[in-house]
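*Asks:* After the structure tokens below, expect a handful of questions from me.
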Amino acid sequence: MTTTTARVIDGKQVAAEVVASLAARIAALPRPPGLAVVLVGDDPASAVYVRHKTRMAERLGFAHWQFTHPADYSEVELLAEVRRLNADPTVDGILVQFPVPKHIDRLKVLDTIDPAKDVDGLHVVSAGLLSQKRPGFVSCTPAGVMELLARTGVTLRGAEALVIGRSDLVGRPVARLLEHADCTVTVAHSRTRNLAEHVGRAEILIAAVGVPEMVKGAWVRPGSVVIDVGVNRQPDGKLVGDVEFGPAAERAAWITPVPGGVGPMTIAMLMSNTVLSSERRFGLA
Ligand code: NAP
């Protein structure tokens with residue numbers, strides 16, 4: 001048996017290209033795009049994500065605001081803040097960092113965001129527009145997955161695609177996007193039987209589960225494209241994906257690493273959505 005070694009898709013590089021491509025669009029706007037980020041509570045991972053997002057917004061010359069609140073900030077106060085940001089004409093994009101503390105209803109928060117400013121793409125209106133293949137905001141991680149797939153140059157039309165995971169955040173919108181790209185899409189989840197067989201058929205495999213290395217390399221279809229969305233921290237502090245990287249890389253044609261694959265794309269697509277929101281506001285898109 002001949003073994004191949006997959007080409008590794010460099011998410012950092014692709015994200016840098018996406019961000020660089022925004023410069024001309026930003027320059028064409030009458031004012032810098034405005035991004036407001038809201039953080040409630042003291043989840044350390046959320047604090048890191050928010051810092052990266054605001055840092056990138058700063059680098060791109062956006063107007064940006066970060067509102068940080070203690071864990072006991074009330075739902076009423078948070079919803080009032082979101083409404084204030086909805087009404088502020090200098091704000092093009094609103095992102096409330098999840099998870100929010102348990103006393104706050106996540107769906108109420110999402111439902112309160114003006115869909116025209118939903119640059120995270122998680123509002124039910126955004127999901128509905130995506131479902132009907134109408135212009136809206138595509139949530140950032142799924143949009144990043146599609147951008148990475150595009151960079152491989154692999155033909156998606158007619159390809160067998162498997163998405164493992166069906167969350168509103170990742171799996172479901174990725175499945176929609178693949179279907180829009182004319183893949184034949186299977187969605188697997190925790191109740192799926194014979195996952196290995198499904199994986200073995202997939203020319204395009206997207207893993208968005210959150211279980212370290214649960215997709216065995218030996219299951220992967222030779223010559224396939226493997227996009228690993230999972231980010232799992234091991235007891236030794238090391239990050240691993242949902243796919244066994246080494247053995248999978250010996251079979252796949254293309255594979256994303258963890259870290260350095262999908263992760264950097266999420267922020268790049270958030271910036272892209274914010275620019276798009278601003279363009280729409282000024283009738284440029
Ligand atoms: P989630 O809401 O927990 O959803 C996980 C999905 O995996 C569910 O649909 C679940 O099925 C399915 N699942 C669980 N165990 C399974 C199993 N043994 N076999 C098959 N399917 C199984 O997670 P998420 O928010 O979609 O995130 C998924 C992963 O992506 C996490 O590791 C997260 O950290 C990562 N992530 C990364 C980024 C990034 O920027 N790189 C962004 C977002 C998320 P059921 O529906 O049946 O429960």
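The values are calculated or read from the model by the stated rules, or taken from the named source; none is laboratory data. Quantities reported herein were computed from a predicted structural model and do not represent experimental measurements. Every residue, glycine as well, gets a Cβ built from its backbone with ideal geometry; the counts of neighbours run over all protein chains shown. Please note that ligands, DNA and RNA were not included when accessible areas were found on the heavy atoms of the full protein model with its side chains. Shrake-Rupley method; radii C 1.70, N 1.55, O 1.52, S 1.80 Å.
*Asks:* Taking 0.36 nm per intervening residue step and subtracting the Cα-Cα distance, what contour gain separates L239 from H103 on full extension? It would help to have the intermediate numbers written out before the result.
*Replies:* Working: separation 136, 0.36 × 136 = 48.96 nm, distance 2.99 nm.
Length gained between L239 and H103: 46.0 nm.
*Asks:* Can I ask one more? Quick one: with all protein chains in place, what share of the accessible area of the chain is carbon or sulfur, to the nearest percent (1.4 Å probe)? Could the numbers behind the result be given before it?
*Replies:* Values: 7360 of 13470 Å².
Carbon and sulfur: 55 percent of the exposed surface of the chain.
*Asks:* Can you report the principal axis dimensions of the range 1-147 using only the alpha carbons, biggest first, rounded to whole angstrom?
*Replies:* In descending order, the Cα extents are 61, 42, 34 Å.
*Asks:* Also, I was wondering about something else. Using the Karplus equation 6.51 cos²θ - 1.76 cosθ + 1.60 (θ = phi - 60°), what ³J(HN,Hα) coupling, rounded to whole Hz, does each residue of the range 239-245 give in order, writing x for Gly and Pro?
*Replies:* Going residue by residue, I get 8, 10, x, 8, 10, 5, 4 Hz, with x marking Gly and Pro.
*Asks:* Given Cβ point charges of +1 (Lys, Arg) and -1 (Asp, Glu) and nothing else, what value in debye, to the nearest 20, does the dipole of the range 1-95 about its Cα centre take?
*Replies:* Its charge dipole is roughly 520 debye.
*Asks:* Same structure again: Mind telling me which of A252, A202, A218 comes out most flexible in a GNM of the chain, alpha-carbon contacts under 10 Å?
*Replies:* In this elastic network of the chain, the residue with the biggest mean-square fluctuation among A252, A202, A218 is A218.
*Asks:* Something else: Set the bar at 28 Å for Cα to Cα. Now go through K133/K216; K12/K216; K12/K102; K102/K216; K133/K238 and name every pair that lies beyond it. Write out the running numbers ahead of the final one.
*Replies:* Numbers: K133/K216 33 Å; K12/K216 25 Å; K12/K102 33 Å; K102/K216 35 Å; K133/K238 38 Å.
Result: K133/K216; K12/K102; K102/K216; K133/K238 exceed 28 Å.
*Asks:* For the pair R166/R83, report the inter-label distance in nm, with labels modelled 7 Å from Cα in the Cβ direction.
*Replies:* 3.6 nm
*Asks:* Here's another thing I want to ask about it. Given 10 Å bins starting at zero, what is the percent of C-alpha pairs of the range 134-217 in each, up to the one with the largest pair distance?
*Replies:* Spelled out per bin, shortest first, that is 18, 53, 27, 2.
*Asks:* A further question on this structure: Build a GNM of the chain with springs between Cα atoms under 10 Å: which of T141, T266, T152 gets the top mean-square fluctuation?
*Replies:* T152
*Asks:* For the chain, what is the mean residue ellipticity at 222 nm derived from helices alone (per DSSP H run of n ≥ 4: -39500 (n - 2.57); sum divided by total residues; nearest 500 deg cm²/dmol)?
*Replies:* Details: 11 runs with 114 residues, N = 285.
Counting only the DSSP helices, I get -12000 deg cm²/dmol.
*Asks:* Given 0.36 nm per residue, what is the gain on full extension from R25 to N194 after removing their alpha carbon distance, in nm? Mind dumping the intermediate values first?
*Replies:* Details: separation 169, 0.36 × 169 = 60.84 nm, distance 4.66 nm.
Answer, rounded to one decimal: 56.2 nm.
*Asks:* What full-extension length gain, to one decimal in nm, is calculated for H52 and A150 as 0.36 nm per residue of separation minus the Cα-Cα distance? Walk me through the numbers on the way to the answer.
*Replies:* Working: separation 98, 0.36 × 98 = 35.28 nm, distance 2.47 nm.
My answer for the length gained is 32.8 nm.
*Asks:* Is there a quick way to get the dipole size of the chain? I mean about its Cα centre, with the Cβ of Lys and Arg at +1 and of Asp and Glu at -1; what is the value in debye to the nearest 20?
*Replies:* The dipole magnitude comes to about 460 debye.
*Asks:* Using the heavy atoms of the protein chains alone and a 1.4 angstrom probe, what is the accessible area of the chain per residue in square angstrom? Working shown, then result.
*Replies:* Working: 13470 Å² over 285 residues.
Each residue of the chain exposes 47 Å² on average to a 1.4 Å probe.
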